[in-house]
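Engineer: The structure is given below, and queries will be raised subsequently.
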Amino acid sequence: MDDDEDAAAAAAAGERRLMVTLDDLKNKMADFARERDWDQFHSPRNLLLALVGEVGELSEIFQWRGEVPKGLPGCVWVDLGRAVLRKLELNALKYPAEQCKGSSKKHTHYSNSTAAPAASASASASASASARANSIEESQNGFSEKL
């Protein structure tokens, strides 16, 4: 299926097609890391180890299924640009720039900490953001179940 057919299929399904270039994604991801002062953690070694971990998670999906037919028939089509943007949204909720700048701690450290006792509105907003992040994460996890 070419791009025009993909766009027509998406339009027929009532979806709005989001066109994202690799340069757009690269810039958004670089901005995300820069806002959190995470470039210090992005050495070639660390990036490679993170990639290996992600490949391991993907491999686990296939581990007990045996051989998968070529082309993954029955697998839903994934708009990679949209998926990356959704993942950035999720990570922005999990890792608020103002809380995690310069830190490599796991997102659970930020969701469990409280900034100030008088910040009940902020805590409520944080709980709401956490609920949205969980909702996004659950929908992303649904993808692996379709493989």
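Engineer: To the nearest 10 square angstrom, what accessible area does residue 80 show with a 1.4 Å probe?
Structural biologist: Taking all protein chains as shown, residue 80 has close to 130 Å².
Engineer: Quote to one decimal, in nm, the extra length available between residue 64 and residue 22 on full extension: 0.36 nm per residue of separation minus the C-alpha distance between them. Let's see the in-between values first.
Structural biologist: Numbers: separation 42, 0.36 × 42 = 15.12 nm, distance 3.30 nm.
Gain on stretching residue 64 to residue 22: 11.8 nm.
The values are calculated or read from the model by the stated rules, or taken from the named source; none is laboratory data. Keep in mind it's a predicted model, so treat the numbers as computed, not measured. Just so you know, the surface numbers come from the protein's heavy atoms only, side chains and all, with ligands and any DNA or RNA stripped out. Shrake-Rupley method; radii C 1.70, N 1.55, O 1.52, S 1.80 Å.
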